[in-house]
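Participant: Below you will find the structure I want to go over with you.
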Amino acid sequence: MSKHDSLEPDYDPFDSSPMQLAKYLADQHTVRKLKSLHSTHDRNDIRTSTIYLEFMKALRSQTIQPTKHWTYNISPAIESLLTLGPNITITEEQLTVKTCWLLAMAGFLRHSDLSLPTYMPPEKRRSQRIVKTITTHPHYNLLLYPVTAFEACKSRIAYSTRITEHPIFPNQQLHRFFRFIQGYRISIGAERISHRIKQIMVRVAKPAQAPVLKARGLAATLAAQAGVSVDNIVAHGFWPSCDIFEHYYCLSSATSTKFSVSSLDQQPRLRLTKCNVM
């Protein structure tokens, strides 16, 4: 008899309820060190099956979603960029890292967005692919202005055109911007862009138990804490609803509004009027 057979299981093998199934899978993973196997062909059938949906519902019912109240300090990352100096004097690698991070933060962009236009974007409208446009406003410090860094990167590194074929639409061409430093005519992919963004993200101060940072989520969270309305954040991030931002990208539920002062002061209030919507 093996040592695994001598252990008393924490589940009922004759009970097929979702809760007992969850205990069985946990036991197999912990005791027998078994790994999950994802079927490529049957993945959609599994996700739409009644048993799978009941199983996931049972798991969620036993879990309390933790409160998101993290505090992030972006000052060390900003100081590291300012210390580098003007865009014309820093190295090509430093300029690439800086440009990737500034564009990701200011535009709420993924590393895949910076690599090439996303040909299968998760954000769709009426089941059709969309064109995502970002407006970048000037920064009072030109060393932190994404457009200035972009122009410097274009003049120093991406001065030659790098065109590749679209992976889906043969009549469309892609203009690749970010390049290898060792060879300017060779473009870099999303994974290398992500690595360059992380070089700055690791400088952002955060609590030890806080989740791993993504530039897209950090930028949206800091904007919300600075008083930017959720509607403007959702529009800038090109998310289909506020739920996407609140559940997947917002890293803290803290706001900049002092509700205790607004609710408990003695200033005169405006008379509320009713609005009947027909």
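A short reminder: the numbers here are calculations on the coordinates, not readings from a lab. Just so it is clear, the model here is predicted, and its values are computed rather than measured. Please note: Cβ atoms are built from the backbone with ideal geometry, for glycine as well, and neighbour counts cover all protein chains shown.
Participant: Can you tell me how segment 74-249 classifies by the Cα gyration tensor, rounded, prolate or oblate, using a/c under 1.5 as the rounded cut?
Facilitator: Oblate.
Participant: A follow-up question, please. For a 18 Å ceiling on Cα separation, which of these pairs sit above it: LYS98/LYS198; LYS154/LYS214; LYS98/LYS206; LYS33/LYS57?
Facilitator: Where the Cα-Cα span goes over 18 Å, the pairs concerned are LYS154/LYS214; LYS98/LYS206; LYS33/LYS57.
Participant: Which order, highest average first, do 196-205, 13-22, 99-108 follow once you tally other Cβ atoms within 10 Å for each residue and take the mean per peptide?
Facilitator: Per-residue mean Cβ counts within 10 Å order the peptides as 99-108, 196-205, 13-22.
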